[in-house]
Amino acid sequence: MKLVKNVMKWICYILSIPVAYVLISLLLSAITIDRELEKKNYEKTIYLHTNGVHLNIIVPIAQMDTLLLSNLKHKENDVYLGFGWGDENFYINTPTWSDLTINNAFKAMFLKSPTLLHITRYQEKRHNWVQIEVSESEFEQLSLYLLNTFQTNEQGEKIILEDMGYTATDDFYKAKGNYTCFNTCNSWVNTGFKESGLKACLWTPFDFGLLNKYE
């Protein structure tokens, strides 16, 4: 009887961990970090996009500086680039949700792992993008954040994974940082917004945490 009680107690402890994670995540997602300065000249435009789970930052190519744009594959008729960050193994081995395995999900969430930047090219604006007007200084800070996420080779060039994209309009590049349940693809976007002086969550692992700030 005592053994059964001990087993049940440990089961409760284990189950309480994800529950606590979700509750704390929701609380911190609800706390807003306000924009640093409210009165600015909003001369630039960026967009947020989600696939339902994963946030991407969309940037018009015409507004990008040469440092950020250098070595990024794109064509003349491409108008926007989408930037997403995530676990390397998950990105490469889970092209669709039907490819998701418990092993890949566990490694991504609980083990520090190398990361990639997923760059997607668009020729036109999508109706489900969330438009955000930003100032020149906010845009520059966000561009610097994106630039500093790329790993580079000895020549200072971004490192592309040749022929590893899901389609003909996207590519993967080596990135800095480690992915964990505390540093997710969505918290990476949220951190970029905070560091750029934009409205953001105190912290969030969810896509809706940041999206809700711009509804």
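Laboratory data are not the source of any read-out in this text; all were calculated from the coordinates shown. Values in this document were obtained by computation on a predicted structure and should not be read as measured data. Note that each Cβ is placed from the backbone with ideal geometry, even for glycine, and that neighbours are counted across all protein chains shown.
Evaluating 6.51 cos²θ - 1.76 cosθ + 1.60 at θ = phi - 60° for every residue in the stretch 184-191, the Karplus couplings come out as 9, 4, 7, 5, 5, 5, 4, 4 Hz, glycine and proline recorded as x. Rg and Dmax, both from the Cα atoms of the stretch 176-215 and both in Å, are 9.7, 30. Site pair residue 144 and residue 195 shows an inter-label distance of 1.0 nm when each label is modelled 7 Å from Cα along Cα→Cβ. Here the Karplus curve 6.51 cos²θ - 1.76 cosθ + 1.60, taken at θ = phi - 60°, turns the phi angles of the stretch 64-77 into couplings of 6, 7, 5, 5, 5, 7, 4, 6, 8, 5, 6, 10, 4, 8 Hz, with x standing for Gly and Pro. Given a Förster radius of 45 Å and the C-beta distance between residue 166 and residue 40 as r, what FRET efficiency does 1/(1 + (r/R0)^6) yield to the nearest 0.05? Between residue 166 and residue 40 the formula returns 0.75.
Calculated FRET efficiency, residue 32 to residue 151, Cβ-Cβ distance, R0 = 35 Å: about 0.65 to the nearest 0.05. Using a simple spin-label model with pseudo-atoms 7 Å out from Cα toward Cβ, residue 133 and residue 24 lie 3.9 nm apart.
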